[in-house]
Every structure is written in structure tokens, then in C-alpha cells.
Amino acid sequence: MALKGLDIFKLTPKKNCKECGSPTCMAFAMKVAQGAVPIEKCPYMSEDALATLSEATAPLMKTLEVGTGDNAHKLGGETVLFRHEKTLVNKNLFAGLLCSKMTDEEIDAKIADFEKVDYERIGEREYVELLYLHYAGNGADKYTALVEKAVKANRALVLDCGDAEVAKAALAICKDLKPILNGANKDNLDAMNAVATEAGVVLGVTGENLSEIYDTVKALEGKGNKKLIIDVTGKTIKETYANAVLVRRTNLKDGDRSLGYPSIVNVAKLAEGDPHMETALAAAFTLKYGSILVMDKMGYAEALALCGLRQNIYTDPQKPMKVAPGIYPLNGADENSPCSLTVDFALTYFLVSGEYERSKCPVNLLISDASGMSVLTAWAAGKFSAGTIKKFFDEYDIENKVKSRTLIIPGKVAVMKGEIEAKLPNWKVVVGPMEAVQLVKFIRDFEG
């Protein structure tokens with residue numbers, strides 16, 4: 001359990017100083033308890049007290065770092081069950097499944113399919129972040145060959161292997177990439193712990209049920225290993241879902257640090273080859289605590305749905321998702337194509353751009369900085385006005401980048417038409433439809 005302010009105050013040296021940013025030690029202790037300042041800010045804290053308090057005031061869930069370089073990722077570190085309570089910290093990751101029973105051709109094809117999913121959405125790279133390498137028990141040579149191919153794919157790795165000797169051979173190839181070694185259980189925990197500790201990698205814990213997993217985690221912690229991740233995948237969807245929820249609630253609500261680790265959910269195993277079920281399960285476990293979701297199928301269709309959902313869940317609710325202001329040519333638009341203006345709120349952008357793309361008509365979509373607000377909200381707040389639009393046109397040199405002088409504005413702010421014409425006298429301002437869904441017919445009938 002995390003300590004309260006009074007507990008911290010009891011361990012804090014009573015000094016009359018302001019070096020820590022607080023006028024009194026009690027005020028400092030309360031700030032530490034709230035997470036506002038780190039305990040290390042107190043210059044008079046003893047090493048023993050620092051060690052005790054650092055552990056006690058750390059997030060209940062462990063933060064893990066896996067991968068290296070551009071493929072480095074953080075997992076865990078969550079402090080709340082739900083996004084609306086505060087915010088979620090580290091997004092879940094998608095892992096593409098590969099197996100040592102696959103032929104070289106099948107492995108190459110699978111990796112190529114996973115690599116095709118790589119695009120940017122609202123300033124974030126969306127892709128299959130990890131490769132999950134399952135050992136099917138058919139010999140170390142087959143598995144190490146799979147690992148060698150996966151290393152060349154430039155992704156973070158999860159080694160799903162419960163054989164300590166085979167795992168050791170695999171780690172000899174890839175340990176510098178900081179993979180996860182998944183496969184420790186009640187029967188092999190000593191050998192697997194030794195292999196993972198020697199390589200300095202995160203160790204995944206599995207078991208027949210949650211009780212067995214809990215005992216294995218406690219045993220590994222007793223050996224000094226707290227770089228763990230819990231594989232909550234059960235025999236059925238129901239059991240897996242219950243495991244994922246219980247692990248997270250027991251940690252964050254009950255304060256049990258022994259279950260304070262990120263989780264792996266093998267949705268490919270649960271879906272049993274049904275791609276639609278796999279996508280549905282991946283969506284469910286994105287919402288309910290799967291830190292790494294293992295998938296057999298992850299094409300563009302699945303990625304668009306799952307990555308969009310993930311961005312919605314793992315975005316700070318106090319910071320709306322925005323697209324960068326500027327000119328977005330759609331459907332092969334050039335400098336002579338009409339211009340359509342809207343705001344930088346991500347949802348508005350995707351709705352408007354989607355309808356324009358569906359129309360097949362060339363349009364230059366102009367995105368104005370409105371602090372991530374929707375059209376009416378931004379207009380009411382003064383963030384989307386004739387003045388801000390004129391500033392946007394000047395800042396992005398719109399008049400020199402496009403020759404068209406036709407500007408379509410959202411129908412919901414038709415009242416701005418005269419004001420915009422006064423600020424932009426060289427432009428013909430046209431009031432567009434009230435709703436995005438009406439844009440297809442509007443632009444097809446438009447004669448500008």
C-alpha cells in the first residue's frame with residue numbers, strides 16, 4: 001500500500017528549510033503523497049528512509065521498459081482503473097504471432113504482412129510494435145532460426161518459450177534488444193528466473209489459474225526479481241477476461257503489489273483462427289487491461305479500428321486530440337481546387353476528410369488552429385473567428401500556396417460569412433452544409 005502524508009512526515013527529518021519547495025516538512029510530505037514532488041527533493045533524507053519511501057510512494061503498478069532505440073516501449077505504471085478517473089499512462093501494444101512450426105516462407109510472409117501496417121494518425125505512429133515468437137517444442141534450431149528472422153524485422157520481441165535451455169539459446173541472439181521472455185511457471189521458475197536475470201530481460205509468468213500465477217509471482221519476487229509481466233490468458237475467453245480484471249483491480253484497488261505488473265493476452269489463441277473474433281477480443285482487451293495483445297491477423301482493416309480505439313482510450317481527457325494546422329490536399333487537389341475550412345479537432349477532421357474523400361472531388365482542406373475544439377465550441381470560445389482565420393491564412397501563407405479564391409466554411413458558423421469576407425476581401429466565401437454527411441452531395445453539385 002502507498003503511504004499517506006502523515007506516514008511520510010514521520011520519516012521526514014524535521015528541518016526548517018525551503019530547499020524542497022515547501023515551507024514545512026508536513027507540507028512537503030503531503031505533496032509527496034499526492035505525487036506532486038519526488039521524495040528525493042528533501043536534502044536531509046537518509047538513504048534508508050529514501051529507499052523505504054521511494055518504494056512506498058511509487059505507483060502500485062510497476063513500469064517496465066522493453067525494446068531498444070526506436071522500438072523502446074513502456075508498459076504498466078498505471079494508477080487508475082478508468083481513463084475518466086485521471087488518465088492512463090502507457091498504451092497497450094500489439095504483437096504479431098509467429099511460430100517455430102512455420103516454414104521460412106510462411107514466416108517471411110507473416111512478417112511482411114505485419115510490416116505493411118505502419119502509418120501515422122494524429123501525430124502518432126501506428127504499427128505492430130512487437131513480434132511474439134512461440135516455441136512449439138520442435139527443437140532449439142528451429143526456434144533460434146525464427147528468432148534470427150524476427151531480429152531482422154526491426155521490432156521489439158516477446159519470446160514465448162518455457163524451455164530454459166532453448167530460451168537461453170534464443171536470448172544469446174537477441175538479448176541486446178531487451179525482449180520479454182514469457183514462460184515462467186511453478187515448475188520451471190528457478191531455471192527461467194536464472195536465464196532472464198542473467199540476460200537482464202523482463203520475465204513473463206504463466207499458470208493454470210490466477211492463484212497459481214500469484215504464487216509463482218511471489219516466489220520470483222522472493223528471489224529478487226520484480227521485472228515481471230503476467231500472462232493472464234486462460235483456457236476460455238471468460239476466464240481470461242476475469243483474470244485481466246482481477247489482476248488490475250487487486251493491484252490498484254486493493255493495493256496488492258504482487259499483482260502490480262502489466263499483462264499479456266493471447267487473443268489469437270482465444271479466437272481459434274476466427275479473424276473477426278480476434279479483432280473483437282483485441283478491442284475488448286484494449287479496454288480491459290491487456291498491456292500486450294497477441295494477434296495472428298493484423299491488417300489495415302483491423303489496425304484502423306484497433307489503433308483508433310487505442311488512441312481514444314490512451315489519450316489524456318484534458319488534452320483533446322488535434323491534427324496539425326495546414327493545407328491537406330484531398331483526391332488529387334492542386335492549387336486551383338476549391339478550399340474548405342474546418343478546425344483542428346481530430347474527430348472533426350476525420351469526419352470531414354472522410355466525406356470529401358468519399359466524394360472523389362478534389363478539395364484543399366484547410367485546418368485552422370482552434371485549440372482542439374469542435375466547430376461550434378471553438379466559435380463560442382473565440383477560437384474560430386474571422387480574426388483567427390485571417391491569422392491562420394497569414395501564418396501559413398495560404399494565398400500564395402493556392403490560386404483558388406473559393407472558401408467553403410461550415411454551415412454551423414454561417415453567421416461568420418460577412419466577417420470573413422471583410423478580413424479576406426479577395427475570397428469568395430461559400431456556406432457549406434450543416435453536417436459532414438451532406439458534404440458528398442454538396443461538393444459534387446458545387447460549381448464554385
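The values are calculated or read from the model by the stated rules, or taken from the named source; none is laboratory data. This one's a predicted model, so the numbers in the text were calculated from it and none came from an experiment. Heads up, the Cβs are rebuilt from the backbone with ideal geometry, glycines too, and the neighbour counts pull from every protein chain shown. Just the protein is used for accessible areas: all its heavy atoms, side chains included, with ligands, DNA and RNA removed. Shrake-Rupley method; radii C 1.70, N 1.55, O 1.52, S 1.80 Å.
Roughly how many whole Å is it from the C-alpha centroid of segment 162-237 to that of segment 256-333?
Centre-to-centre distance over Cα atoms comes out at 25 Å.
Just by accessible area at a 1.4 angstrom probe, what is the order of D394, D108 from largest to smallest?
Heavy-atom accessible area, descending, gives D394, D108.
Once you keep just the Cα pairs under 8 angstrom separated by 6 or more residues, what percentage relative contact order results for the chain?
11
Anyone know which of K101, K391, K322 comes out most mobile in the 10 Å Cα GNM of the chain?
With Cα springs under 10 Å in the chain, the top fluctuation among K101, K391, K322 is at K391.
Using a 1.4 angstrom probe and counting only protein chains, how large is the accessible area of V232 in Å², to 10?
Counting only protein heavy atoms, V232 exposes about 0 Å² to solvent.
I'd like to check one number: the per residue accessible area of the chain, probe 1.4 Å, reported in Å² as a whole number.
That works out to 47 Å² per residue.
Taking H as built 1.01 Å from N, whose amide H comes closer than 5 Å to the amide H of G372, not counting residues under 5 places away?
Hits under the 5 Å cutoff: D344, F345.
Rolling a 1.4 angstrom probe over the protein chains, ignoring ligands and nucleic acids, what is the accessible area of W379 in square angstrom, nearest 10?
It works out to around 110 Å².
In sequence order, what are the phi-derived ³J(HN,Hα) couplings for segment 231-245 according to the Karplus relation 6.51 cos²θ - 1.76 cosθ + 1.60 with θ = phi - 60°, rounded to whole Hz, with x for glycine and proline?
8, 8, 4, x, 6, 10, 4, 4, 5, 5, 4, 4, 4, 4, 5
Say the cut-off is 24 Å between C-alpha atoms; which of K322/K383; K186/K235; K178/K322; K383/K403; K168/K226 go over it?
Cα-Cα > 24 Å for K178/K322; K383/K403; rest within.
Which semi-axes, in whole Å and largest first, does the equivalent ellipsoid of segment 279-354 have when worked out from the alpha carbon gyration tensor as the square roots of 5 times its eigenvalues? All intermediate terms of the calculation are to be shown ahead of the outcome.
Details: eigenvalues 196, 55, 13 Å².
Computed over segment 279-354, the values are 31, 17, 8 Å.
Pairs of Cα atoms under 8 Å, at least six residues apart: use those to get the relative contact order of segment 370-448, whole percent.
On the way: 71 pairs, mean separation 21.5, N = 79.
27 percent.
Quick check for me: using +1 on Lys/Arg Cβ and -1 on Asp/Glu Cβ, what's the dipole size of the chain about its Cα centre, in debye to the nearest 20?
Value, rounded to 20: 1620 debye.
Classify segment 325-442: rounded, prolate or oblate, from the alpha-carbon gyration tensor (a ≥ b ≥ c, eigenvalue square roots; a/c under 1.5 rounded; otherwise prolate if a/b is larger than b/c)?
rounded
Under a crude label model (7 Å from the Cα following the beta-carbon direction), how far is K401 from K116 in nanometres?
Each label point is offset 7 Å from its Cα along the Cβ direction, giving 3.2 nm.
If you take every residue apart from E399 with its C-beta less than 14 Å away from the C-beta of E399, what net charge results, scoring Lys and Arg +1 and Asp and Glu -1?
That sum, taken over residues with Cβ under 14 Å, equals +3.
May I ask you to list the aspartates and glutamates whose Cα is less than 17 Å away from that of K86, ignoring any residue fewer than eight positions away on the same chain?
Candidates past the 8-residue exclusion: E78, D316.
Find the all-direction average of the projected area of the Cα convex hull for the chain, expressing the result in square nanometres with one decimal place.
Details: hull surface 105.7 nm².
Value for the chain: 26.4 nm².
Given springs between every Cα pair under 10 Å in a Gaussian network model of the chain, which of L177, L293, L407 has the largest fluctuation?
L407
Describe numerically, in nm with one decimal, the distance between label points set 7 Å from Cα along Cα→Cβ at I313 and at T87.
About 1.8 nm separates the two model spin labels.
For L97, which sequence-distant residues (separation of 5 or more, or a different chain) have an amide H within less than 5 Å of its own amide H, given hydrogens modelled in the peptide plane?
HN-HN under 5 Å from L97: Y132, M295, D296.
In percent, how large is the relative contact order of segment 204-329, given Cα pairs closer than 8 Å and 6 or more residues apart?
19
Give me the one-decimal nm value for the distance between modelled label points at V80 and K417, 7 Å along each residue's Cα-to-Cβ direction.
4.4
Take the cross-link list K227/K253; K152/K288; K297/K360; K110/K238; K152/K227 and give me the ones stretching past 24 Å between alpha-carbons.
K152/K288; K297/K360; K110/K238; K152/K227
Grab the Cα-Cα distance for R444 and A109, subtract it from 0.36 nm times how many residues apart they are, and report the gain in nm with one decimal.
Length difference between fully extended and current span is 116.5 nm.
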